[in-house]
Amino acid sequence: MAYTADNLAQLRQAILDLASGQRVTRITHNGRTVDYGQADIDKLRSLERHIAADVSAQNRKRRSRTRQVITSKGL
């Protein structure tokens, strides 16, 4: 599943809300809304790491590798 930077920002805001004392926070993704409570903060942090890795992988530029073969026999 491809996540976006907006999904990551929304998740980080939810973690911040829970850490600052809110009892419940909501996250909406693909038309589905999920409520998270303070007991779910570890799940949210795990999901944050997963989404951050996915977003950073999407942002990395793909390099093509070229190899040059040199022989002494004229191949």
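Before moving on, here are some points about what is shown:
- Charge dipole of the stretch 1-74 (Cα centre as origin; +1 on each Lys and Arg Cβ, -1 on each Asp and Glu Cβ, all else neutral): 800 debye, rounded to the nearest 20.
- All alpha carbon pair distances within the chain were sorted into 5 Å bins beginning at 0; the resulting P(r) in whole percents reads 3, 13, 20, 17, 11, 6, 5, 4, 4, 4, 3, 3, 3, 2, 1.
- Ordering Ile70, Ser20, Tyr3 by Cα displacement along the dipole of the chain toward the positive end leaves Ile70 in first place; charges were set at the Cβ atoms of Lys, Arg (+1) and Asp, Glu (-1).
- Only helices enter this figure: runs of n ≥ 4 DSSP H residues, each worth -39500 (n - 2.57), summed and divided by the residues of the chain, yield -15000 deg cm²/dmol at 222 nm to the nearest 500.
Coordinate-derived values only; no laboratory data. Given the structure is predicted, the values throughout are model-derived calculations rather than measurements. Cβ coordinates were reconstructed from backbone atoms using ideal geometry, including for glycine residues, and neighbour counts include every protein chain displayed.
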